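Participant: Let me give you the structure first, and then I'll get to my questions.
The values are calculated or read from the model by the stated rules, or taken from the named source; none is laboratory data. Quantities reported herein were computed from a predicted structural model and do not represent experimental measurements. Neighbour counts are summed over all protein chains in view; Cβ atoms, including those assigned to glycine, are modelled from backbone coordinates with ideal geometry.
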Amino acid sequence: MISHFISDYFFYVFLAFIFFTFLMRSKRGVSHAKRKGMLYLSAAVFLLYIYALALAAYTIQDLYLILYFVIIIPIFVIFRKHLFPFTKIRCEKCGKLLSFDQIIYYDSKKCETCDSLKTEKDI
Ligand SMILES: [Zn+2]
C-alpha cells in the first residue's frame with residue numbers, strides 16, 4: 001500500500017524538488033550550497049520513488065521500505081550540513097530575522113544590511 005502510494009505520487013514530489021532547484025538557479029552566484037542541497041534531496045526522493053516502484057512492480061512487502069530508510073538516514077545524518085542548509089533564520093551578525101528569500105535562496109547567513117556593510121569594507 002505505502003509503496004503503491006509512493007510509486008504513484010512521489011514522481012511529482014521529485015518534479016517539484018527539481019523545479020525548485022531550477023528556481024534557485026535564477027539566484028546564480030549566491031545560492032550554490034543551497035541549490036546543491038536541494039539537488040541531493042531531490043536525488044533521495046527519486047531513489048525512494050524508484051525503490052517503491054520496484055517493490056510495487058514485483059509485489060514485495062512494504063516492510064522492505066524500511067531498508068531504504070536504514071540506508072538513507074545515516075547518510076542524511078552524516079551529510080546533514082550539505083543536505084539541509086536552510087537552518088539559519090536569523091542574521092549571524094546582528095540577529096535580525098532574515099527574509100524568506102534570504103532563507104531559501106542565499107548562502108550568506110547575514111541580513112542585507114550586514115552583507116552590504118561587508119561589501120563596503122571590502123571596497
Ligand atoms: Zn545583520
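Participant: Against the condition modelled with pLDDT of 90 or more, within 16 Å of the ligand (Cβ to nearest atom) and of a type in the set (D, E, K, R), how does Arg80 come out, does it pass?
Facilitator: Judged against the criteria, Arg80 is not a match.
Participant: Quickly run through region 19-42 and pick out the residues that are part of a loop (DSSP other than H, G, I, E, B) and of a type in the set (Val, Ile, Thr). Even if it seems obvious, please write down each step before you answer.
Facilitator: So the first thing to find is which residues in region 19-42 are part of a loop (DSSP other than H, G, I, E, B), and the list is 26-31.
Within region 19-42, Val30 is the sole residue that qualifies.
Participant: So, one more: Gly29 fails exactly one of the following numbered conditions: (1) surrounded by 13 or more Cβ atoms within 10 Å (Cβ to Cβ); (2) at pLDDT below 90. What is the number of that condition?
Facilitator: Failing condition for Gly29: (1).
Participant: Just one of the numbered conditions (1) within 16 Å of the ligand (Cβ to nearest atom); (2) of a type outside the set (Phe, Trp, Tyr); (3) in a loop (DSSP other than H, G, I, E, B) is not true of Thr87; which one?
Facilitator: Among (1) within 16 Å of the ligand (Cβ to nearest atom); (2) of a type outside the set (Phe, Trp, Tyr); (3) in a loop (DSSP other than H, G, I, E, B), Thr87 violates only (1).
Participant: Taking Leu48 as the residue in question, decide whether it is in a helix (DSSP H, G or I) and either touching a Ser or Thr at 6+ places or on another chain (Cβ under 6 Å) or farther than 30 Å from Asp101 by Cβ (or both).
Facilitator: no
Participant: Only residues in region 25-49 that are free of Cβ contacts under 8 Å to residues at least 24 places away in the same chain count as the first member; pair them with residues that are of a type in the set (Val, Ile, Thr) and buried (at least 16 other Cβ atoms within 10 Å of the Cβ), Cβ under 8 angstrom, at least 6 apart or cross-chain, and list the lot.
Facilitator: So the pair list comes out as Arg35/Thr21; Met38/Thr21; Leu39/Thr21.
Participant: Check off (1) within 16 Å of the ligand (Cβ to nearest atom); (2) surrounded by 15 or more Cβ atoms within 10 Å (Cβ to Cβ) for Leu55 and give me the number that stays unchecked.
Facilitator: Status for Leu55: all satisfied but (1).
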